[in-house]
Amino acid sequence: MKKEVIKYRRERAKETLEEAEIMLDNRKLFAAVNRMYYAIFYEVLALLLTKGFSSSKHSGVRSLFNKEFIKSGIISEECGDFYNRMFGFRQRGDYEDFVEFDYKEVKRWLGEAKDFINSVEQVIEKVIRDKK
């Protein structure tokens with residue numbers, strides 16, 4: 001069952017990242033930022049599950065990710081910083097008034113989100129290989 005959930009979350013991450021790209025191409029910046037955040041969130045959920053961790057709250061997921069994968073050096077601090085920044089951008093875009101995002105910046109974040117997911121994918125693949 002755990003393998004199926006990990007696979008599902010990884011697929012969800014990729015599909016959600018594709019949604020972010022579509023939103024960006026159509027200049028729907030709030031939606032693009034939201035989908036980017038959720039893409040990396042789903043990928044982190046899959047990563048946490050490889051070690052038997054989960055949380056029902058975004059703050060719990062961030063805390064576990066930082067503690068188990070960033071502070072331990074398994075995932076780079078840059079990835080951790082990006083995840084935390086995207087959480088903040090998504091929060092602002094979804095809940096604050098008069099927020100504006102710059103197209104070029106959001107496009108850069110999309111590239112960073114792709115890099116983030118690729119980095120986490122490599123770790124997930126290694127954990128899965130090591131468990132065999």
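The values are calculated or read from the model by the stated rules, or taken from the named source; none is laboratory data. All values derive from a computational prediction rather than experimental measurement. Ideal geometry is used to build each Cβ from the backbone, glycine not excepted, and the neighbour counts take in all protein chains shown. Accessible surface is based on the protein model in full, side chains and every heavy atom, while ligands, DNA and RNA are left aside. Shrake-Rupley method; radii C 1.70, N 1.55, O 1.52, S 1.80 Å.
Grab the beta carbon distance between LYS131 and GLU11, set R0 = 22 Å, and tell me the FRET efficiency rounded to 0.05.
Taking R0 as 22 Å, the efficiency between LYS131 and GLU11 is 0.65.
Through the Karplus equation 6.51 cos²θ - 1.76 cosθ + 1.60, θ set to phi - 60°, convert the phi angles of region 107-117 into ³J(HN,Hα) values in whole Hz; use x for Gly and Pro.
Calculated HN-Hα couplings, in order: 5, 5, 4, 4, x, 5, 5, 4, 4, 4, 5 Hz.
Within 13 Å, Cβ to Cβ, of GLU78, how many net charges do the neighbouring residues add up to if Lys/Arg are +1 and Asp/Glu are -1?
Value of the local net charge: -3.
Please compute the contact order of the chain in relative form: average sequence separation of alpha-carbon pairs under 8 Å and at least six residues apart, divided by the residue count, as a percent.
After rounding, I find 32 percent.
Grab the eigenvalues of the alpha-carbon gyration tensor for region 85-129, scale each by 5, take roots, and send me the semi-axes largest first in whole angstrom. Please report the intermediate quantities before stating the final value.
On the way: eigenvalues 168, 33, 4 Å².
Semi-axes (√(5λ), whole Å): 29, 13, 4.
Each residue of region 43-55 in order: what ³J(HN,Hα) in whole Hz does its phi give by Karplus 6.51 cos²θ - 1.76 cosθ + 1.60, θ = phi - 60°, with x for Gly and Pro?
Taking θ as phi minus 60°, the curve returns 5, 5, 4, 5, 4, 4, 5, 4, 9, x, 9, 7, 8 Hz for region 43-55.
Given that just one value was derived from the coordinates, which of (1) 48, 25, 24; (2) 72, 34, 14; (3) 41, 39, 24 is Cα extents along the principal axes in Å?
(1)
Local charge sum around ARG35 (other residues, Cβ-Cβ under 13 Å, Lys/Arg +1, Asp/Glu -1)?
Within the 13 Å Cβ shell, the charges total -2.
Starting from the amide H of SER76, placed 1.01 Å from N in the peptide plane, find each other amide H under 5 Å away whose residue is 5 or more places distant or on another chain.
none
Probe radius 1.4 Å, ligands and nucleic acids left out: which of PHE116, PHE53 has the largest accessible area, and how do the rest follow?
PHE53, PHE116
Calculate, for VAL99 and PHE53, the FRET efficiency according to 1/(1 + (r/R0)^6) with r their C-beta to C-beta distance and R0 25 Å; round to the nearest 0.05.
Approximately 0.20, to the nearest 0.05.
Between 0 and 90 degrees, rounded to the nearest ten: what's the tilt of helix 77-95 against the longest Cα principal axis of the chain?
Once rounded, one gets 50 degrees.
Taking a 1.4 Å probe, which of LYS57, LYS3 shows the most accessible area, and what order do the others take after it? List each step's numbers first, then the result.
Numbers: LYS57 130, LYS3 160 Å².
I get LYS3, LYS57, largest accessible area first.
Kindly flag which residue pairs out of LYS14/LYS131; LYS104/LYS126; LYS2/LYS107; LYS3/LYS57; LYS51/LYS114; LYS2/LYS28 have an alpha-carbon separation exceeding 28 Å in this structure.
Over 28 Å Cα-Cα: LYS104/LYS126; LYS2/LYS107; LYS2/LYS28.
Show MET23, MET36 ordered by accessible area, largest first, where the area counts protein heavy atoms only and the probe is 1.4 Å. Walk me through the numbers on the way to the answer.
Values: MET23 60, MET36 0 Å².
Largest accessible area first, the residues go MET23, MET36.
Using a cut-off of 14 Å between beta-carbons, work out the net charge of the residues near TYR103 (Lys and Arg +1, Asp and Glu -1, TYR103 not included).
Result for the local shell: 0.
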